[in-house]
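J.: Structure in structure tokens, see below.
The values are calculated or read from the model by the stated rules, or taken from the named source; none is laboratory data. What you see is a predicted model, and the numbers here were worked out from it, not measured in a lab. Quick reminder, even Gly has a Cβ in these numbers, built from the backbone with ideal geometry, and neighbours come from all protein chains shown.
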Amino acid sequence: MRMSNATWTLLTPQSQGAIAIIQLGGDVTYVLETLTGRTEWQLNRLQLKKIEGIDEVICVKLADDLAQIMPHGSMHVIRLLEERLHELGVEHSECYAFPEASTELESKMLLALSKAASPLAVDLLLQQPAIHASSKESNTDRDAALNFLITPPTVVMLGAPNTGKSTLMNALTSEETSIVHDMPGVTRDAVGARVNCHGLVIDLYDLPGIRKSDDAIEQKAIALSKRLINEADLIIQVRDAENSWVGCESPRIITVGTKADAAEVPDAQLQVSAHENKNVQELASRMRQALVPDAYLNDNSPWNFDV
């Protein structure tokens, strides 16, 4: 039998983390008792309990109709909890409650903190209630840039096949994210990863090399690449000394010459060697600066942030 007055809401970002926070609303006592087996719950008292088959969690009942469960932040654990709550008839909700907030702006700030992907967002968001109390006006361009701190911008690496995009992707993520091979066209689909660029988290995509192809699978991958290019907030245009630039139109482009250990690309803004780790962090810094400039971070005017 499905419950009609119990809900759950994820208060932390939908990504891997140390701890997740799940808010329960409605008949929270029933949900807590069913999940943990504990029948007595004092308000505002943290309890360490085991949810069988899922995780050891911290639970707290904040009010008769409000509670929080804090498991480990593994996406697998969150999915298991979601399945268990669904079995209990607990409905997913996007209604957020922050009883510790004294104003609507503080509630909005806490919600933004719960969703923000970038570390640089934290201090800026915490300052907003005091800053908004001033008479200063916000800047819409700055607002849009700082909103990238909450929702990661899309950044794509664009270049001809076999120009070192995948190797550079691996260097930026410090993982074997992309397939690296000397055969042109080996990246048959867009490969994405979240990368922390000096405090700004971005969604970085290594796109298949744009070229003519009779391969149906590769044609679909190239079509996906073109869509991502059109939607991208920043383009990393890549070429080595043996290839030409792949053209595109975008207000934000950083041109990168790859394989600088072999030969430099004279008309590139930055020379990079992923093999020698030359200027890889400089590229990360420039990506952050292109999307969220220092001037916006250091400006103490109000930020009308989106959540």
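J.: Residue by residue through the range 89-126, note down the ones that are free of Cβ contacts under 8 Å to residues at least 12 places away in the same chain and more than 17 Å from the chain's Cα centre (by Cα).
T.: Across the range 89-126, the qualifying residues are E100, A101, S102, E104, S107, D123.
J.: Suppose we filter the range 42-73 for residues that are part of a loop (DSSP other than H, G, I, E, B) and touching a residue at least 24 places away in the same chain (Cβ under 8 Å); how many remain?
T.: 6
J.: Looking at the structure I just gave you, is K61 over 26 Å from V122 (Cβ atoms), crowded, with 18+ Cβ neighbours inside 10 Å, not assigned by TED's automatic domain parsing to the domain that holds I150 and not aromatic (F, W, Y)?
T.: For K61, the condition - over 26 Å from V122 (Cβ atoms), crowded, with 18+ Cβ neighbours inside 10 Å, not assigned by TED's automatic domain parsing to the domain that holds I150 and not aromatic (F, W, Y) - is met.
J.: Anything in the range 282-293 that is outside any helix (DSSP H, G or I) and among the aliphatic types (A, V, I, L, M)? List them, or say none.
T.: Across the range 282-293, the qualifying residue is only V292.
J.: Take the range 284-301 and flag every residue that is modelled with pLDDT of 95 or more and in contact with a helix residue (DSSP H, G or I) (Cβ under 8 Å, 6 or more places away or on another chain).
T.: L291, V292, P293, Y296, L297
J.: Moving to a separate point now. Counting only residues that are out of contact with any strand residue (DSSP E or B) (no Cβ under 8 Å at 6 or more places or on another chain) and modelled with pLDDT under 80, how many does the range 196-222 have?
T.: Here the count works out to 13.
J.: Inspect the range 170-187 for any residue being part of a loop (DSSP other than H, G, I, E, B) and at pLDDT 90 or above and give the result as yes or no.
T.: no
J.: I'd like the residue in the range 74-124 that is acidic (D, E) and assigned to a loop (DSSP other than H, G, I, E, B) and, out of all such residues, is nearest to D27 (Cα to Cα).
T.: By that ranking, first place goes to E94.
J.: Could you please find all residues in the range 223-281 being of a type in the set (S, T, Y), in contact (Cβ under 8 Å) with a residue 24 or more places away in the chain, part of a loop (DSSP other than H, G, I, E, B) and in contact with a strand residue (DSSP E or B) (Cβ under 8 Å, 6 or more places away or on another chain)?
T.: Selection gives T258 alone.
J.: In contact with an Asp or Glu (Cβ under 6 Å, 6 or more places away or on another chain) and either closer than 25 Å to S15 by Cα or surrounded by fewer than 19 Cβ atoms within 10 Å (Cβ to Cβ) (or both): which single residue out of M169, M109 fits that description?
T.: Unique residue meeting the criteria: M169.
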